[in-house]
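So the structure is just underneath, and the comments pick up after that.
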Amino acid sequence: MPAEPPRNDGPEQGDLRPWEFPGTARRDCEPHQAEQLDRLADYATGLGLLSVVCCVPAMLALPLAFTVLCLGQRDLNRMAAGAMDHDGRHRTREVMDRTWQTVFCTGAAAFGWIAAFLLYAAFNP
């Protein structure tokens, strides 16, 4: 049974704030940015996939992926504080999880390119 909001019978309860009740949110908060983060994460993933073929996209994919992670964490903090619409919380977490996978895969590809370059330099003086 959901808890009923307190009654506003007297002047001592004149500052009733319905958005502070459990399960509610403010209507004047910022909209979530999950769609924009998802688009940036898609770009980072695409560049990460290209970094398997060429090492240059890894230099763009990793900073972009870390930017997505920072922005996503900032949004989650704002959602927890009630300053941002919390409807995008689940999607923001999904985007951040996928972005971590992109970071690890792109990092592995970049490490492979560095190892290949060092081996080439070692055996071809």
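The values are calculated or read from the model by the stated rules, or taken from the named source; none is laboratory data. Computed from a prediction, not measured in an experiment: that's the story for all the values here. Cβ sites come from the backbone with ideal geometry, for glycine too, and all protein chains shown count toward neighbours.
Counting the residues of segment 82-100 that are assigned to a helix (DSSP H, G or I), touching a residue at least 24 places away in the same chain (Cβ under 8 Å) and of a type outside the set (Val, Ile, Thr) gives 8. Among the residues of segment 80-102, at least one is more than 12 Å from the chain's Cα centre (by Cα), modelled with pLDDT of 90 or more and farther than 24 Å from Phe117 by Cβ. Exactly one residue out of Ala110, Ala25, Ala58 is among the aliphatic types (A, V, I, L, M), modelled with pLDDT under 85 and touching a helix residue (DSSP H, G or I) at 6+ places or on another chain (Cβ under 8 Å), and it is Ala25.
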